[in-house]
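The values are calculated or read from the model by the stated rules, or taken from the named source; none is laboratory data. Note that this is a predicted model, so its numbers are computed, not measured. Please note: Cβ atoms are built from the backbone with ideal geometry, for glycine as well, and neighbour counts cover all protein chains shown.
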Amino acid sequence: MSTTIGANQRVLSGMRSSGRLHLGNYHGALKNWVKMQHEFECFFFVADWHALTTHYDDTSQIETDVWEMVIDWLAAGVNPKQATIFVQSMVPEHAELHLLLSMITPLSWLERVPTYKDQQEKLKERDLSTYGFLGYPLLQASDILMYKAASVPVGEDQQVHVEMTREVARRFNFIYGREPDFEERVAKAIRNMGGKSAKPYKAARKAYQETGDEAALARGHELVSTHGSLTVADRERLIAHLEGGGRQILVEPKTLLTAVPKMPGLDGQKMSKSYGNTIGMREENDSVQQKIKRMPTDPARVRRTDPGDPGKCPVWDFHKIYSDAETREWVDKGCRSAGIGCLECKKPIIDAVIAEIEPIRERAVIFAENHDLVKSIVQEGSEKARAEARKTMDDVRQAMKLNYS
Ligand code: TRP
Ligand code: SF4
């Protein structure tokens, strides 16, 4: 499901630790994070345990990868005053939730996640017939459910993981969300609403339960959420009663699809480290220039005088991201009529990429030279995240009747 979300809602997203980032990561996710931190309560984290699911045999790079990635986040403008930045393994509660959820997650849910078989195929040289690799999406579900996130901004490839997260939350709430005296507590909560709200609430519930009337469901939600004097627990019970399920302990998140034009790599394929077609977020100007100059163009343009077709040229994909309508018009005309040469055509791209990267690279240098600052940002963020995680785990343990210690 993909919808818009309201203000004051919590957003959570993560990236597996992969070291320095490239422009594909920047345009595909980071730029959007920077924007969202002003609009929502954001939690952004480094999924270092997720890196282990495929690279368990060589862990020597993990620590460097974590710090380098955080430096790129900060350099791109993710602001620790606006967003909580943390590292997964610094909040060990994620492992506990993962374990508890593993008890109720059918094996078939994990086996049918398409990325499971796809990645095994793609990374044939690795032995991925491990328990950890199969559990990848469930660890991701734990990351998300831990913060009761309303939405999760991710790219298309991650959508199925969020979808599975919703199913896991629903199953958890169904199994553990029923209090023994639920009906009595609901009756009491309805009395607490007072007649003026209780009556329309009951009518809305009846209409929704009997006919699936979505407008009635929305009315019911409205009545409960705008009521001035209900406790949080009563609110949750009334919502559960309205929807016909158990009390909502874990929150089903929405996917917030990041709407960005596909960032192509230097060769026209998707930009990806494994294809060796990237421009790094901290790439030096000379190197940017060299890389773009060497980019292949429409193969029909053998000689300067041969006309070309931008649709068959990876440089055109860059113009779609970096150039305004006027420049694109100039490219289109000039290419088709052989009025401009390919090097000429690449010039505005080189300028635009350098203009984008230069300030990022300069900020990155400052953070890279101040490791203590980066560390303290992450430590502080992880403490903040951990406080939230502890609250969720209290709820979870209570619901599972494991709160006897
Ligand atoms: N699987 C994500 C990726 O490969 C990283 C990730 C881990 C994540 N846990 C998450 C993303 C929770 C969003 C929410 O990029
Ligand atoms: Fe590609 Fe530009 Fe050359 Fe046309 S002129 S082939 S769009 S680089």
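Listed by first and then second residue, the pairs with beta-carbon distance under 9 Å, at least 6 apart or on different chains, first residue in the stretch 315-342 and part of a loop (DSSP other than H, G, I, E, B), second more than 11 Å from ligand 2 (Cβ to nearest atom) and of a type in the set (Val, Ile, Thr), are Ala338/Thr305. Selection of helices (runs of 4 or more DSSP H) fully inside the stretch 119-197 by the criterion of at least 2 residues being closer than 16 Å to Ser108 by Cα and within 15 Å of ligand 1 (Cβ to nearest atom) returns 131-134, 136-146, 159-176. Out of curiosity, is Trp33 touching a residue at least 60 places away in the same chain (Cβ under 8 Å) and within 18 Å of the chain's Cα centre (by Cα)? Yes.
Considering the stretch 60-80 alone, what residues qualify as being part of a helix (DSSP H, G or I) and without any contact (Cβ under 8 Å) to a residue 24 or more places away in the chain? If you could, list the steps in order and put the result at the bottom.
The first filter runs over the stretch 60-80 and keeps only residues part of a helix (DSSP H, G or I), leaving 62-76.
Across the stretch 60-80, the qualifying residue is only Glu63.
Quick one: would you say Ile350 is in contact (Cβ under 8 Å) with a residue 60 or more places away in the chain, assigned to a helix (DSSP H, G or I) and touching a Leu at 6+ places or on another chain (Cβ under 8 Å)? No.
Screening Ala389 with (1) out of contact with any Asp or Glu (no Cβ under 6 Å at 6 or more places or on another chain); (2) surrounded by 12 or more Cβ atoms within 10 Å (Cβ to Cβ) gives one miss only, at (1). Taking the conditions (1) in the same structural domain as Asp48 (by TED's automatic domain parsing); (2) farther than 19 Å from Pro114 by Cα; (3) among the aliphatic types (A, V, I, L, M) in turn, Ala141 satisfies each one other than (2). The set of residues in the stretch 269-299 that are among the aliphatic types (A, V, I, L, M) and modelled with pLDDT of 95 or more comprises Ile279, Met281, Val288, Ile292, Met295.
More than 26 Å from Gln158 (Cβ to Cβ) and either in the same structural domain as Pro314 (by TED's automatic domain parsing) or among the aromatic types (Phe, Trp, Tyr) (or both), is that true of Tyr201? Yes. Among the residues of the stretch 86-105, none qualifies, meaning not one is farther than 22 Å from Ile144 by Cβ, part of a helix (DSSP H, G or I) and within 21 Å of the chain's Cα centre (by Cα).
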